[in-house]
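The next block holds one structure in the form of structure tokens; read it before the comments.
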Amino acid sequence: MKVLNKVTILLLLSFFFSCEKNDDNPVTPNPNVTFSDSPFDLQGVNAKFAKDIAYDNKARTQFDIWLPNSSTPTGLVIYVHGGGFTSGDKDFVYAVQSGGAWDFPTDIRYLLQNNIAFATIRYTYLNNTGETEGVKKPMSDVRRALQYIRSRAGDFNINKNKIVLAGNSAGAGTSLWIAFNNDFANASSSDPVLRESTRVNGVVARETQASYNIEERWVNDVFVDYSLTWSTILANETGNIQKIYGVSSIAQYESSAIDTYRAEVDMLSLMTSDDPEIWINNTLRDVVNPYSPYSQDIPSHHAFHARELKERADEVGVKNIAFYGKNPIIYANPGNESWTEFCKRKINE
């Protein structure tokens with residue numbers, strides 16, 4: 001296979017974007033990147049920052065990116081914010097979060113110092129009422145963002161074969177969903193963005209969900225210790241379930257179409273031996289019955305989500321670094337590798 005030089009690649013990308021009709025998700029990308037001041041002090045790190053780059057033409061499909069000054073293409077970490085698919089934004093990483101447990105400015109500076117770019121993306125929310133598409137709507141936005149950045153790898157001086165997905169909560173679950181699926185690249189698409197691969201080198205998942213097949217996985221696996229029934233979960237999660245699956249009633253939920261949908265968003269069953277290594281950490285919340293009084297947002301962030309992901313990864317042969325539980329931590333990987341060290345290792349492998 002011939003190796004195209006950078007100029008040729010940029011010309012081809014410009015041709016595709018200007019000449020081809022994009023029937024799937026029309027968007028007119030701007031080949032120029034306008035840089036501005038970083039939202040936090042880079043403390044002398046030699047890097048540039050650009051914000052609000054559109055990867056689609058929807059209201060919430062933009063990303064920000066920090067690019068280290070490098071003479072060679074760099075690796076990239078893409079961060080996906082949480083918020084139950086109904087809140088949150090890409091500026092989540094602009095500051096220290098979770099009471100000081102997550103120091104994003106320091107972490108991003110570390111990655112930039114190690115010649116790794118960092119992008120943070122936003123995506124379409126689920127509607128609080130009348131949602132018809134379900135959780136695959138925002139997750140598909142994130143998938144496209146990954147493909148879009150790959151399609152402009154030359155513009156961003158990024159090595160498209162050195163990318164790690166990362167996120168918290170809904171963003172973590174989304175990252176796992178993309179990584180555990182087969183490659184979404186569509187070679188016959190009229191949209192050059194959708195021809196790009198969705199395979200990545202690793203995934204970071206913090207305060208994650210193990211699966212969006214709630215009825216089967218939360219009852220039979222994640223919360224099996226508490227002998228929870230589907231009726232108990234349903235009573236507490238009706239609104240979320242309707243949003244997640246895009247249904248307006250339990251009668252609509254109980255259909256073969258939703259059975260298929262649930263299987264398609266079950267990260268545990270999607271995981272296979274050829275999937276990338278994962279780094280998981282669910283250690284911020286107490287390990288209690290998820291529907292006990294004062295449990296707050298524990299159901300979606302319970303330590304046992306991480307436990308099930310680790311057990312499944314061990315079963316199928318996916319490498320993993322896991323931490324879960326709180327006071328005391330139930331399980332901690334003996335290597336104690338941080339998420340940024342994990343990203344650096346996976347990108348440099």
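Miscellaneous remarks
- Out of Asn168, Asn159, one residue alone is of a type outside the set (D, E, K, R) and in contact with a His (Cβ under 9 Å, 6 or more places away or on another chain). It is Asn168.
- The requirement of being part of a helix (DSSP H, G or I) and closer than 19 Å to Tyr324 by Cβ is satisfied by Asn220.
- Residues in the range 239-261 that are touching a helix residue (DSSP H, G or I) at 6+ places or on another chain (Cβ under 7 Å) and more than 20 Å from Ile298 (Cα to Cα): Tyr245, Val247, Ser248, Tyr253, Ile258, Tyr261.
- Within the range 126-150, if we keep just the residues that are within 16 Å of Asn57 (Cβ to Cβ) and among the hydroxyl-bearing types (Ser, Thr, Tyr), the residue that is nearest to the chain's Cα centre (by Cα) turns out to be Ser140.
- The numbered conditions (1) charged (D, E, K, R); (2) at pLDDT 95 or above; (3) out of contact with any helix residue (DSSP H, G or I) (no Cβ under 9 Å at 6 or more places or on another chain) are all true for Lys21 except (2).
- Where Phe304 falls short, out of the listed (1) farther than 18 Å from Asn168 by Cβ; (2) over 18 Å from the mean Cα position of the chain (by Cα): (1)
- Count - residues of the range 299-344 that are within 30 Å of Pro68 (Cα to Cα), part of a helix (DSSP H, G or I) and without any contact (Cβ under 8 Å) to a residue 60 or more places away in the chain: 1
- Here Ile149 meets each of (1) in a helix (DSSP H, G or I); (2) in contact with a strand residue (DSSP E or B) (Cβ under 8 Å, 6 or more places away or on another chain); (3) surrounded by fewer than 24 Cβ atoms within 10 Å (Cβ to Cβ) with one exception, condition (3).
- In the range 192-222, the qualifying residues are those that are in contact with a Pro (Cβ under 8 Å, 6 or more places away or on another chain) and of a type outside the set (A, V, I, L, M, F, W, C), and the one that is nearest to Gly75 (Cα to Cα) is Asn201.
- Top-ranked residue in the range 28-86 [being within 22 Å of the chain's Cα centre (by Cα), over 15 Å from Arg144 (Cα atoms) and among the small types (Gly, Ala, Ser); ranked as surrounded by the most Cβ atoms within 10 Å (Cβ to Cβ)]: Gly75
- Test: residue in the range 78-94 that is under 27 Å from Lys160 (Cβ atoms), among the β-branched types (Val, Ile, Thr) and not in a helix (DSSP H, G or I): yes
- Flag for Glu277 being modelled with pLDDT under 95, surrounded by fewer than 22 Cβ atoms within 10 Å (Cβ to Cβ) and in contact with a helix residue (DSSP H, G or I) (Cβ under 7 Å, 6 or more places away or on another chain): no
The values are calculated or read from the model by the stated rules, or taken from the named source; none is laboratory data. Since the model is a prediction, treat every value here as computed from it, not as a measurement. Positions of Cβ are backbone-derived with ideal geometry, glycine not excepted, and every protein chain shown enters the neighbour counts.
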